[in-house]
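Inspection log for the structure reproduced underneath, given as structure tokens.
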Amino acid sequence: MLGALTERQMQFWEEVEEGLESVKRVYGGDGDGDGKGMDRIMQFVATAKGERPAPVGSGEGHEPSEEHIEGLTAQPLWDVMNDEEEDGRFPWASELEEQWEMIGLELEVQLQLQQQQESERGIFSGDSAWQNGVMGSGWTAFRLQRLGQWNADNCDRFPKTYNLLRQLDIPFAVRGVCFARQTPNTGVLPHSDGRNFILTSHLGLKVPKDDTCYMTVANERTTWQEGKLLTLDTSFTHSTRNDHPTEDRHVLIIDFWHPQLTSLEIASLEFIYDLRNKFESGKIPYRKPKALIQKEQAEQSFAGIWNSLFSNSK
């Protein structure tokens, strides 16, 4: 298995496993008393490292990646406004919908400023070339939060929205929070984001009428409605279209943790992805993996014994 990972990857997973021991100590390792503990997280680590088989989808259109938590309910679309049977797992959803006009007004102000300045460098001036390659050039985002970090400058342009989001106690996941635009006559091709432990809500803010704008999730077609949440599991194949000839579609997108994760599992996933971001940004310096050091020491020890045996032979 040592040859299957690069030295940098080996270093990463060693630090993951060491860090998870600290997370377990802080949380007591009991998984909120439900008996799960760290089992599903350690399975996640083994699958992501390639030591366990890749997960198999639970139904049509389900394409989970190797970043996977076993045992979570998998369904393409979620009704977060009708969760009485689940003891109110989404208590923030109703207030977010109630405040949609305030959020939409702040967005409209920014769009009007962009028009007045006749600027092509407005809030939807585009993401990275990589993001455009994934989502297509017709989809762009203005990010309030990404990878667990709030963008202070961007949040300053949406102060009421930002304050509301922080007050609602939403269990934000690692991908983030953004306003997203889909321009006329464009769409996002079918794709899966793979991670089954994150759900995504779209709050409709400006949506073209006449069913010209829609999303397809696992072959089920649905539409956005202004002031309403559309919530999906993006480990199912999904795509979007805006076939209106002149109007953009605008939504607020929020990624949040699957409600069946325990607090221990959430803390573990937050640690893993925060560490990965630090590795990818170069904040963690290289060190030789301990497993390689141990392997080299064992080989040297064996070589020493071997040489001593034959150096003394006649």
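Values in this text are rule-based calculations from the coordinates and carry no lab data. All of these numbers come straight from a predicted model, not from anything done at the bench. Glycine gets a Cβ as well: all are built from the backbone with ideal geometry, and neighbour counts include every protein chain shown.
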Checked region 77-257 against the a/c 1.5 cut and the a/b vs b/c comparison, axes a ≥ b ≥ c from its Cα gyration tensor; verdict rounded
Of 192-199, 95-102, ordering from highest average Cβ density within 10 Å down gives 192-199, 95-102
Computed over region 77-257, the relative contact order (Cα-Cα under 8 Å, seq sep at least six) in percent reads 26
Ranked output for segments 233-245, 47-59 by mean other Cβ atoms within 10 Å, highest leading, reads 233-245, 47-59
